[in-house]
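Have a look at the structure below before the remarks.
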Amino acid sequence: MSKVGKLPVAIPAGVTVNVADGVIAVKGPKGELKQSFHNEIDIKVEGTEVILTAKDSSKQTNAYHGLYRSLLNNMVKDAAVGFP
């Protein structure tokens with residue numbers, strides 16, 4: 001399991017995260033972003049957090065786990081406060 005991937009992504013007020021058909025969509029006051037993801041990672045929105053879980057412990061899946069958590073965190077930040 002990835003050290004980075006284990007951390008939940010907090011969703012600030014005014015930002016919505018939707019996961020459907022292999023695509024993460026983040027919408028906030030500064031815009032909307034979308035990112036496709038591999039099926040090795042399970043992404044669930046629970047309240048004000050997004051939890052990413054690796055389906056197995058292979059090296060490639062661990063890499064995806066950390067990658068998608070980082071991408072999602074950046075997407076949430078950019079949708080909330082924008083890019084400097």
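Given 22, 5, which one is open to solvent by less than 50 Å² (accessible area, probe 1.4 Å), at pLDDT below 95 and under 11 Å from the mean Cα position of the chain (by Cα)?
5
What's the total number of residues in the range 50-62 that are open to solvent by less than 70 Å² (accessible area, probe 1.4 Å) and under 18 Å from residue 21 (Cα atoms)?
Adding up the residues that qualify gives 5.
If I filter the range 43-57 for residues that are at pLDDT below 95 and at positive phi, do I get at least one hit?
Yes, the range 43-57 contains at least one residue that is at pLDDT below 95 and at positive phi.
Would it be correct to say that residue 46 is touching a Ser or Thr at 6+ places or on another chain (Cβ under 8 Å), of a type outside the set (A, V, I, L, M) and without any contact (Cβ under 8 Å) to a residue 60 or more places away in the chain?
Spelling it out, it is not the case that residue 46 is touching a Ser or Thr at 6+ places or on another chain (Cβ under 8 Å), of a type outside the set (A, V, I, L, M) and without any contact (Cβ under 8 Å) to a residue 60 or more places away in the chain.
I need the full set of residues from the range 63-84 which are open to solvent by less than 40 Å² (accessible area, probe 1.4 Å) and of a type in the set (Lys, Arg), in order please.
69
Restricting attention to the range 25-49, and to residues there that are acidic (Asp, Glu) and in contact with a helix residue (DSSP H, G or I) (Cβ under 8 Å, 6 or more places away or on another chain), which single residue is surrounded by the fewest Cβ atoms within 10 Å (Cβ to Cβ)?
32
The values are calculated or read from the model by the stated rules, or taken from the named source; none is laboratory data. This structure is a prediction, so every number in the text was calculated from the model and none was measured. Glycine gets a Cβ as well: all are built from the backbone with ideal geometry, and neighbour counts include every protein chain shown. Heavy atoms of the whole protein, side chains included, go into the accessibility calculation; ligands, DNA and RNA do not. Shrake-Rupley method; radii C 1.70, N 1.55, O 1.52, S 1.80 Å.
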